[in-house]
Structures are given as structure tokens and as C-alpha cells.
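Worksheet: one structure, shown below.
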Amino acid sequence: MEKLTQYSRAAGCGCKIAPAQLQEILSSNTEIPFFENLITGNAGNEDAAVYDLGNGESIISTTDFFMPVVDDAFDFGSIASANAISDVYAMGGIPLMAIAILGWPIEKLPATLAQQVLEGARDVCAKAGIPLAGGHSVDSAEPLFGLAVTGRIATSNIKKNNTAQAGDAIFITKPIGTGILSTAQKRGLISDEHAASMVIQMKTLNNIGSFLGSLNEVTAMTDITGFGLMGHLIEMAEGANLSATINYASIPFTEGVKDYLNQKAVPDATYRNWNAYSKKVKFEKGVNVMEAFTLLPDPQTNGGLMFTVSVQDEETLLQKIKAENPSQQTWKIGQFILQNEKIVIVEL
């Protein structure tokens, strides 16, 4: 069987361009026209663009694609699709349809494998209740796949990543560590059990986001992807002019991840992320800095949602989530505070 990860330099959301370089790319000396109905766009670090239709509803538009994070073609298509659809859920929206983006090295890999990538995409789109309605393909040097996704949302339900308030509790919905696990797989270190659980986690839709979007108790939301837990938390904090304290012991990590960390199975993107954010982080006494240095910036592929809620609404919100989806896991990892000298303070 062809191992797709051997045909790509980077994997999954670890393919993202480093934060500093991305900011340079996005900068412009050209005056950007103002569009009154564009609620979110290039001006912020939001997960998707949102356009107000003027009738109480808005359209969500996003795209995401990357190189293989797993070796199996069907799983690759499934994971890439779930990851792209997540941007709609992260805004609190409901996906409507998707368009495929495929790059394939035809002379290196058979077309039958590309067909399996699309089958994986169709499977996840069906689970999300949307059609894979078309797409575009090119002959490329490395395999890549993703989706452009359109969604809808009641304009009053839009969840941004920069609207948290001081005192709000911070929750996440999936464990951290898929970047390290996928690197362990690429190096032939991962066990079958851990590989299987990694794939399941990365294929799992973040569809609880649509429900969270309908709840007034949720004050801000994003998803955790290529910049790691640390990077996306810093985006939320800086956007709201706040700082955050996180309890390192409360953060859930995927099973086996610390074993592979000890074997140095660390994605290159982890170091790029850390170089971008390290000056904004403070570690309190007792925290294993070297371990946290590697796990907190670990790039996640279709990582969980990160959302905030006022402390007085915590129990009400958790009860509503349990009633909507009894199997949905959530972990409270910290709290936003008034702006500090450092953006994130990591406590034990």
C-alpha cells in the first residue's frame, strides 16, 4: 500500500505557513475597500468569512486544504474534509455544501488513490448532511486535498474569536497531541492502537459548534488547528485585549502522546509556532517547561473547538451541552483575565 505521508514534506495543519510569514504575506499597502455587509474577513484572524444577507441571516465561506496527515487515502479525504467544515462550526454556523480542492502527482500516485480521497470526503460530507457539489483538480508535485465550504447562520448567533470577557472560563472539546502522533506515524513509531484513535479523533466532526452558536452563554469561539492550542488562545486573548491563565494539569492530551514526545516525534511546525509566541507566554513555578513547550504549540488537524462562557453561566451551559449530545466531552482549561504583561500564563 502506498504511504501518502511519504510524498509530502509536512502533514495536515502542520503545513500552515508560520505566523510571522503569514502576517507578512497578508500585509498590503493598498487601501482595502469597505464592504458594509462583510462581518468578518481579512481584517481579523477569524476562522471564516461571514457576509450579512440583510434578512437576519448570514453566509459563511471558508476554505482549507493540506498535504497528507495519514497514509490511507480514504482517511486523508475524510480528515481534510472534517477539518475544512470545522471552520463553519467554529463560527457557530450550519454547513450547506462543499467544493473539493485536489492536487495530485499523477506520475507518482495512481488516480485510484485520488478517487479514494474523494470517497472519504463524500463520507464526511454525508455525515455533516451536505453535498460534495463539485470541485477543481490540478496535477501537483505533492498530494493535497481540502474543501471550500459554504454555511449559513442567524446573524445574531455568529460567534467570533475576539469577544471574550475578563472572567470568562475557557473550554476545549478535544484532547491535544495529533501533531505529535502524526509525526510518530510518519516515522514508523506509532502503535496500531494509537494510530486508529488518532484517525478517529481527526475525522470527528465539530458539529457541536452549530449548537454552541445558538447559545447566548457562549461569548467567543474558535477551533484549534495549525497554530496549536497556544497560538489560537493568544489570538483570542489579543483580539479581546485580554490575557489568559491556563491550568496545565487540566489540559487533556491524546493517549500515548508523551511517549512519542520522549522519542522526539515533534513536527517542525511546533518550533515555528513556539518561535512566534514564546515571548508572550509565562510559565509559573512547577510547570514542566520543556514538555509544555512542545505540547502547547503542537499543530492540530481538525482539533477541537475552544469556547468561552461567563463563570455564572458555566453550569447552565454544560447542562445544555449534555442534553444536546450526552457523549460530547468538554474540558475547562483556564480563564481570561485583564490584560497582563504576558498574554498567556501557564499554571500547574
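Values quoted throughout were computed directly from the atomic coordinates according to the rules given, and no laboratory measurement underlies them. Because the structure is a prediction, the values reported are computed rather than measured. A quick note on method: Cβ atoms are made from the backbone with ideal geometry, for glycine too, and the neighbour counts reach across all protein chains shown.
In terms of Cα atoms, the Rg and Dmax of region 108-170 work out to 18.0, 54 Å.
Phi-derived couplings, Karplus 6.51 cos²θ - 1.76 cosθ + 1.60 at θ = phi - 60°, listed residue by residue for region 122-139: 4, 4, 5, 4, 4, 5, 7, x, 10, x, 8, 8, x, x, 8, 9, 9, 7 Hz, with x used for Gly and Pro.
For the pair Ser250 and Asn275 in one chain, pulling the backbone fully straight at 0.36 nm per residue adds 6.6 nm over the alpha carbon distance. Across the chain, the mean sequence separation of Cα contacts (distance under 8 Å, 6 or more residues apart), normalised by length, yields a relative contact order of 24 percent. For region 97-112, the residues whose backbone nitrogen is under 18 Å from a point 7 Å from the Cα of Ser137, taken along Cα to Cβ, are 98-112.
Given C-alpha coordinates of the chain, what is the ratio Rg to Rh with the Kirkwood estimate of Rh? With Rg and the Kirkwood Rh in hand, the quotient comes to 0.95. If both residues of a DSSP beta bridge must be in region 94-185, then about 60% of such bridges are antiparallel.
DSSP beta bridges fully contained in the chain are about 75 percent antiparallel. Placing unit charges on the Cβ atoms of the charged side chains and taking the dipole of the chain about its Cα centre, the candidate lying farthest along the positive direction among Ile321, Ala141, Ile39 is Ala141. The phi torsions of region 92-103, fed into the Karplus equation with coefficients 6.51, -1.76 and 1.60 and a -60° offset, translate into couplings of x, x, 10, x, 10, 6, 9, 10, 7, 10, 10, x Hz, rounded to whole numbers, with Gly and Pro shown as x. Separation of region 75-90 and region 189-266 by C-alpha centroid, Å? Their Cα centres are 14 Å away from one another.
Since only Ile234, Met221, Tyr271 are under comparison, the one whose Cα sits farthest along the positive direction of the charge dipole of region 193-348, derived from C-beta charges on Lys, Arg, Asp and Glu, is Tyr271.
Extension gain for the segment Lys127 to Gln115, taken as residue separation times 0.36 nm less the Cα-Cα distance, is 2.4 nm to one decimal. Each Lys and Arg contributes +1 and each Asp and Glu -1, all at the Cβ; summed about the Cα centre of the chain, the dipole is approximately 480 debye. Compute log10 of I(q)/I(0) for region 227-336 with the Debye formula, placing one identical point scatterer on every Cα and leaving out solvent, at q = 0.11, 0.18 Å⁻¹, to two decimals. Once normalised to I(0) and log-transformed, intensities are -0.40, -1.03.
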